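What follows is one structure encoded as structure tokens, with my remarks underneath.
Please treat every number below as a calculation from the coordinates, not as lab data. Quick caveat, the model's predicted, so the values are computed rather than measured. Virtual Cβ from ideal backbone geometry, glycine too; neighbours counted across all protein chains shown.
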Amino acid sequence: MKIAIDGPAGAGKSTIAKKAAKELGFIYVDTGAMYRAMAVHMLRSRVDAGDEAGIENACGSADISIAYEDGAQHVYLNGDDVTGLLRTEAVGDMASRVSQVQKVRDRLVALQQKLASEQSVVMDGRDIGTVVLPDAELKIYLTASAHVRAMRRYLELKEKGTDPLPDPEAIEADIQERDFRDMNREHSPLRQAEDAYLLDSSELTIDEVAGRILALAKERTEA
Ligand code: DC
């Protein structure tokens with residue numbers, strides 16, 4: 001069975017997808033982490049974020065693979081476990097840029113499709129329901145208002161003791177800029193698949209969202 005969860009940054013996709021995968025005994029595939037690993041490769045290769053030809057060239061020398069250790073996804077870049085390097089703003093920003101390049105997408109989509117052909121998955125990203133797994137049995141489009149997403153990110157950074165702590169307005173502006181790039185890029189822009197179920201998590205808890213997805217998954221398996 002394949003469950004696709006798409007939506008903008010900060011909507012809670014990874015938390016929810018991880019939880020749903022655990023309950024169902026499926027593998028969780030975080031496709032954003034693959035674009036982030038590709039971004040680490042570009043930063044290491046000193047390719048400029050705006051240099052599309054340079055990104056196309058350098059992506060050929062990135063060997064990205066996924067392994068599961070105690071159920072958690074680890075991403076390898078040319079044999080190096082880069083999982084711990086992926087969640088910084090600099091890598092996120094570069095990932096948003098490398099993900100605009102079709103050659104990068106072709107390589108990573110092939111890897112994602114291979115993983116889903118080998119086991120039952122909950123996969124999250126931006127183009128899972130539309131491009132990667134168009135035949136997924138269940139598609140969710142998970143969103144929340146930019147304001148709510150910014151506040152969640154702010155509290156997460158505060159909890160981590162981030163210093164200096166960016167103010168919520170700056171985070172919201174950054175989220176809006178990233179949404180715009182993800183939704184308006186030429187290749188595989190973020191959009192809701194026609195057969196996707198729309199879930200707005202602005203006013204819902206993690207458990208409520210996960211509960212709805214699990215109920216839908218149950219319906220589909222019994223259908
Ligand atoms: O979900 P995330 O923030 O880890 O994703 C990082 C970037 O990768 C984000 O800007 C969008 C891009 N991405 C994509 O284009 N397609 C995917 N399936 C997953 C992520």
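Before moving on, here are some points about what is shown:
- Cross-link partners for residue 19 among the aspartates and glutamates, with Cα-Cα distance under 16 Å and sequence neighbours closer than 8 places in the same chain left out: 6, 30, 70, 124, 207, 208.
- DSSP-defined antiparallel bridges as percent of all bridges, the chain, nearest 5: 30
- A Gaussian network model of the chain, with springs between Cα atoms under 10 Å, assigns the largest mean-square fluctuation among 142, 86, 157 to 157.
- Spread over its residues, the convex hull of the C-alpha atoms of the chain is 125 Å³ per residue.
- Packing, taken as the mean count of other beta carbons within 10 Å per residue, orders the peptides 122-132, 58-68, 1-11, 36-46 from highest to lowest as 122-132, 1-11, 36-46, 58-68.
- Taking 18 Å as the straight-line reach from the Cα of residue 114, the lysines in range (excluding those fewer than 8 positions away in the same chain) are 2, 103.
- Normalised by the number of residues in region 56-146, the mean separation of alpha-carbon contacts (under 8 Å, six or more apart) gives a relative contact order of 16 percent.
- Alpha-carbon spread of region 93-194, three principal axes, descending order, Å: 43, 27, 25
- Net charge over other residues, Cβ less than 12 angstrom from the Cβ of residue 15 (K, R count +1; D, E count -1): +1
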